[in-house]
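Undergrad: The structure that follows is given in the form of structure tokens.
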Amino acid sequence: AAGGDGGEGSGIMGNRNRGVKRPRAPPVGGERKRLKLTLKIVADVALVGVPNAGKSTFLASVTRAKPKIANYPFTTVIPNLGVWIPPDENGYQKQTTSADGEGGSGSTGLVLCDVPGLIAGAAEGVGLGHAFLRHVERCHVILHLVDATSDDPIGDFNMLNRELTRYGSGKLG
């Protein structure tokens with residue numbers, strides 16, 4: 001949208017020494033457009049699994065993120081991000097702050113994204129998964145987290161792969 005033309009300043013606020021106040025042209029407004037923007041999270045690793053598979057617990061244990069963790073399905077309703085920082089040669093994590101000049105773009109850490117659990121039919125809009133599969137599209141790696149104590153862990157894994165393949169252009173599969 002093109003911007004407007006500015007006015008000629010304020011006719012009221014003038015120099016005390018100037019005796020004549022002449023009228024000023026008001027500013028002219030520019031174009032208006034209504035835009036709908038969609039934010040896609042860019043992360044290195046997407047944590048994908050069925051509800052209650054332990055995605056948020058994994059994120060909290062390997063990063064400093066504090067996602068909501070509870071023993072009921074769909075605890076995660078928004079994507080959670082965490083940064084995994086590799087340990088140094090002594091096995092300790094570096095304590096970095098933004099003032100260190102480290103971290104951020106080009107750092108050695110990995111950004112992990114915990115998305116809400118996927119259920120069968122998520123690619124068609126069932127559950128919360130469809131709204132967040134677009135975030136998975138932008139991730140470099142998709143890490144499947146499967147609960148080994150579930151009734152059918154192999155079936156859960158296959159269902160996740162089916163839903164990722166069905167979503168969008170099928171490139172996630």
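The values are calculated or read from the model by the stated rules, or taken from the named source; none is laboratory data. The model shown is predicted, which means the values in this text are computed figures rather than measured ones. With ideal geometry, Cβ positions are generated from the backbone for all residues, glycine too; neighbour counts draw on all protein chains shown. Remember, those area values only see protein heavy atoms, side chains included, never the ligands or the DNA or RNA. Shrake-Rupley method; radii C 1.70, N 1.55, O 1.52, S 1.80 Å.
Undergrad: Length gain on complete extension for the stretch ASP5 to ASN158, per 0.36 nm per residue less the alpha carbon to alpha carbon distance? Each step should come with its number before you reach the end.
TA: Details: separation 153, 0.36 × 153 = 55.08 nm, distance 5.95 nm.
Here the answer is 49.1 nm.
Undergrad: Sort SER150, SER56 from largest to smallest accessible area, using a 1.4 Å probe on the heavy atoms of the protein chains.
TA: Details: SER150 35, SER56 15 Å².
Ranking SER150, SER56 by accessible area, largest first, yields SER150, SER56.
Undergrad: Provide the gained length on full extension for the span ARG166 to ILE69, in nm with one decimal, where the gain is 0.36 nm per separating residue minus the Cα-Cα distance.
TA: Details: separation 97, 0.36 × 97 = 34.92 nm, distance 2.86 nm.
Additional length available on full extension: 32.1 nm.
Undergrad: Ok, one more. Cβ under 12 Å from LEU112's Cβ, LEU112 left aside: what net charge do those residues give with Lys, Arg +1 and Asp, Glu -1?
TA: Value of the local net charge: 0.
Undergrad: When the chain is fully extended, how far beyond the present Cα-Cα distance does ALA25 get from HIS144, taking 0.36 nm per residue of separation?
TA: 36.5 nm
Undergrad: Could you work out the local net charge near ILE154, counting Lys and Arg as +1, Asp and Glu as -1, over the other residues with Cβ closer than 14 Å to its Cβ?
TA: -3
Undergrad: Same structure, new question: Sort VAL48, VAL62 by heavy-atom solvent-accessible area, probe 1.4 angstrom, most to least. Display every interim value, and only then the final one.
TA: Working: VAL48 0, VAL62 40 Å².
Descending accessible area places them as VAL62, VAL48.
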